[in-house]
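Structure, as structure tokens:
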Amino acid sequence: MPSLSQTDQEIFPVTSDLNDSGEITIGGCSISQLAEEFGTPLYIYDEETIRHMCRQFMRGFGNEYEPCHVEYSSKAFSNPAVAKIVAEEGLHMDVVTGGELVFAKAAGFPAERLNFHGNNKDRQELGEAIDYGIGRITIDSFYEIELLNDVAGERGVRQKVLLRVSPSVDPHTHMLTTTGVLDSKFGFSIETGAAAEAVEKAVAAENLDVVGLHFHLGSPIFELEPYSQAIDYVMQFAAEMRDRHGLKLDEFNPGGGFAVGYVGEELPPQITEYATEIAQAVRSACDRFGFDEPLLTVEPGRAIVARAGVAVYQVGGIKRIPNVRVYVSVDGGMGDNIRPALYSSEYTVRRAYDPYATPQEKVTIAGKYCESGDYIARDVDLPLLESGDLVCTPTSGAYSVPMASNYNMTTRPAIVMVKDGQARLIRRRETYEDLLATSLV
Ligand SMILES: *Cc1c(COP(=O)(O)O)cnc(C)c1O
């Protein structure tokens, strides 16, 4: 029986395989069949992998720490079908806008298991969240302390909140996805004294019930140490605030950022390793600073859905510039996955049939958008490709589709969920009518 290579088994969905014709299959469906039925570009999500990752987190952290919540960061892929699976697996979820809240509601996601993040939530969004009975709101600015106190007061609600602090810890990831350093729009800086002032104000606010602290360092974080370093620093701050302002630390949330393997050479720590590091850091800080062990919440986004998603493209024109580069253009690109252009993110690319045929060329998989920076992968070794071939990029399940745009007036791709040889649309491909629907002539 042919099968995927050892490294591909780590980055493709857990159900992936090669069938007897040498084609890659996901969830028992061959990529070419799905492409024929639903067109390309196509995003395929594997239900089994989403559930698998939810369970890895629930067990991985649950075995190390009690009580513990796993909160899926829905911005990684906001979709009602995914929210339903995540809810069934017992996870909590976070949203960062009114729109993401609408998706959570559409999935019937239990309100008490939701947390509202974001550095600039407005009055209407906060009102919608409270009206839905949201479990937690994580406050990110002085403006928001006053605004939320007001919005909650109008409704006669005392809202449970966390304060997002910034611990000035650099997790050594891309500058654009680093969030917990001093020069960041996110969080109240502990270093500058802003966080202390925020605690004082929020604890005193009549309609806010401050249940604990939150921080998020950025993403993806391939090292363990930034977590324990930040946990220690933030817990020390919490102890000071307890003594000075009566802050309670019933809940503690060290964020997400757990890395995934996009290319075989750079594999992240195991979930159990993150869990051990974080649990030990929280426990030892509780010991040192005299806290009862708080409820611990972790917020994986990418790590829940990245591996579940595979993007499929069809090859169009191929340009060979002798001694320079081979450009293989596909029917998608930055409109459905801007990560390579934005963060220089790397992806593995495989031809959908006979993927391990001897590589013939180093090629750049270019998109179809009118930008030179529009590419999916640079200088990847692939078997000879011809126009009409299908190629796929595994680990495309996080932050691709949610950042998709209609640039160049393209229609955003279809998304299917596969399971046990069946595929169902969870988002239909956009049409020209959709593009025209919001513009007035
Ligand atoms: C985006 C985000 C996360 C999730 O990050 P991942 O890298 O997807 O795990 C968690 N918490 C907050 C506050 C975020 O903004």
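Worth a mention:
- Of the set (1) of a type in the set (D, E, K, R); (2) more than 30 Å from Asn149 (Cα to Cα); (3) surrounded by fewer than 16 Cβ atoms within 10 Å (Cβ to Cβ), all apply to Asp243 but (2).
- Counting only strands (runs of 3 or more DSSP E) that sit wholly inside region 1-118, those with at least 3 residues that are closer than 28 Å to Leu217 by Cβ are 68-73, 92-95, 114-116.
- Taking first residues from region 341-366 that are aromatic (Phe, Trp, Tyr) and partners that are part of a strand (DSSP E or B) and crowded, with 17+ Cβ neighbours inside 10 Å, the Cβ contacts under 6 Å between residues at least 6 apart in sequence or on separate chains come to Tyr347/Ala377; Tyr347/Thr393; Tyr353/Glu23.
- Residues (in a loop (DSSP other than H, G, I, E, B) and either in contact with a strand residue (DSSP E or B) (Cβ under 6 Å, 6 or more places away or on another chain) or away from the ligand (no atom under 12 Å from the Cβ) (or both)) located in region 185-214: Gly187, Ile190, Glu191, Thr192, Gly193, Ala205, Glu206, Asn207
- Only a single criterion out of (1) open to solvent by 10 Å² or more (accessible area, probe 1.4 Å); (2) within 16 Å of the ligand (Cβ to nearest atom); (3) assigned to a loop (DSSP other than H, G, I, E, B); (4) within 22 Å of Ala238 (Cβ to Cβ) is not satisfied by Ser168, namely (2).
- Any hit, region 413-430, residues being out of contact with any strand residue (DSSP E or B) (no Cβ under 6 Å at 6 or more places or on another chain), exposed (fewer than 15 other Cβ atoms within 10 Å of the Cβ) and hydrophobic (A, V, I, L, M, F, W, C): no
- Between Glu266, Glu206, the distinction of being among the charged types (D, E, K, R), in contact (Cβ under 8 Å) with a residue 40 or more places away in the chain and over 28 Å from Arg59 (Cα atoms) belongs to Glu206 only.
- Test: residue in region 244-251 that is more than 16 Å from the ligand (Cβ to nearest atom) and free of Cβ contacts under 8 Å to residues at least 40 places away in the same chain: yes
- Only a single criterion out of (1) buried (at least 16 other Cβ atoms within 10 Å of the Cβ); (2) at pLDDT 95 or above; (3) not acidic (Asp, Glu) is not satisfied by Gln236, namely (1).
- Tyr43 buried (at least 22 other Cβ atoms within 10 Å of the Cβ), under 22 Å from the mean Cα position of the chain (by Cα), more than 16 Å from the ligand (Cβ to nearest atom) and not β-branched (Val, Ile, Thr): yes
- Count of residues meeting criterion [touching a strand residue (DSSP E or B) at 6+ places or on another chain (Cβ under 7 Å), open to solvent by 10 Å² or more (accessible area, probe 1.4 Å) and either charged (D, E, K, R) or under 16 Å from Cys392 (Cβ atoms) (or both)] in region 305-321: 4
- Among the residues making up region 246-256, those that are in contact with a strand residue (DSSP E or B) (Cβ under 6 Å, 6 or more places away or on another chain) and open to solvent by 10 Å² or more (accessible area, probe 1.4 Å) are Leu249, Asp250, Glu251.
- Region 397-418 - residue that is part of a loop (DSSP other than H, G, I, E, B) and more than 20 Å from the chain's Cα centre (by Cα) and, of those, nearest to Glu36 (Cα to Cα): Thr411
- Candidate set from region 343-354 (those that are within 19 Å of Ile26 (Cβ to Cβ) and part of a loop (DSSP other than H, G, I, E, B)); member that is most open to solvent (accessible area, probe 1.4 Å): Asp354
- Restricting Ile145, Ile139 to those that are farther than 26 Å from Arg288 by Cα and more than 16 Å from the ligand (Cβ to nearest atom) reduces the list to Ile145.
- Residue count for region 224-236 satisfying the condition of being free of Cβ contacts under 8 Å to residues at least 60 places away in the same chain and either away from the ligand (no atom under 14 Å from the Cβ) or touching a Cys at 6+ places or on another chain (Cβ under 8 Å) (or both): 7.
Conditions (1) over 22 Å from Gly246 (Cα atoms); (2) touching a Leu at 6+ places or on another chain (Cβ under 7 Å); (3) open to solvent by less than 70 Å² (accessible area, probe 1.4 Å), marked per residue:
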{"position": "Gly118", "(1), (2), (3)": "yes, no, yes"}
{"position": "Ile130", "(1), (2), (3)": "yes, no, yes"}
{"position": "Leu148", "(1), (2), (3)": "no, yes, yes"}
{"position": "Leu163", "(1), (2), (3)": "no, yes, yes"}
{"position": "Gly187", "(1), (2), (3)": "no, no, yes"}
{"position": "Leu224", "(1), (2), (3)": "yes, no, yes"}
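The values are calculated or read from the model by the stated rules, or taken from the named source; none is laboratory data. As the structure is a prediction and not an experimental result, all values here were calculated from the model. Quick reminder, even Gly has a Cβ in these numbers, built from the backbone with ideal geometry, and neighbours come from all protein chains shown. Surface accessibility is based on the protein's heavy atoms, side chains included, excluding ligands, DNA and RNA. Shrake-Rupley method; radii C 1.70, N 1.55, O 1.52, S 1.80 Å.
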